[in-house]
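Report on the structure given below.
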């Protein structure tokens, strides 16, 4: 089942997988971003006119598939914020 432009939920195993390369991230009851490589970028590192690092109170978090390096998501959050859990699937955790 497709849950994101680049992510599927396997109907049998309930694992979240990359649609491009098949990399398994985690069980569907978990936040896949906790299992994806993340690149942190300050606004002054992004193309265009942006405030300097010292004046900014946000950071860009870029999440990638470790199998094929496809960018999965970009968040703009406070620097110490945990990953947003934007795709929450109502299935029981494994073993329940």
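Using r as the Cβ-Cβ distance of residue 49 and residue 3, and R0 as 35 Å, what FRET efficiency do you calculate, to the nearest 0.05? So the FRET efficiency works out to roughly 0.50. Exposure proxy shown here: for 10, 73, the number of other Cβ atoms within 10 Å sets the order, fewest to most, as 10, 73. When Rg/Rh (Cα atoms, Kirkwood Rh) is calculated for this entry, the matching label among (1) 1.05; (2) 0.97; (3) 1.25 is (1).
Protection proxy ranking, highest mean first, for peptides 11-19, 29-37: 29-37, 11-19, where packing is the per-residue count of other beta-carbon atoms within 10 Å, averaged.
Evaluate the relative contact order of the stretch 7-77 (contact order divided by residue number), counting alpha-carbon pairs under 8 angstrom at least 6 apart; express in whole percent. Write down the numbers at each step before the final one.
Details: 114 pairs, mean separation 16.1, N = 71.
That works out to 23 percent.
Computed from the C-beta positions of residue 13 and residue 38 and an R0 of 25 Å, the FRET efficiency is 0.55 to the nearest 0.05.
Coordinate-derived values only; no laboratory data. No experiment lies behind these values; they were computed from the predicted model shown. For neighbour counting, all protein chains shown are included, and Cβ atoms are generated from backbone atoms with ideal geometry for every residue, glycine included.
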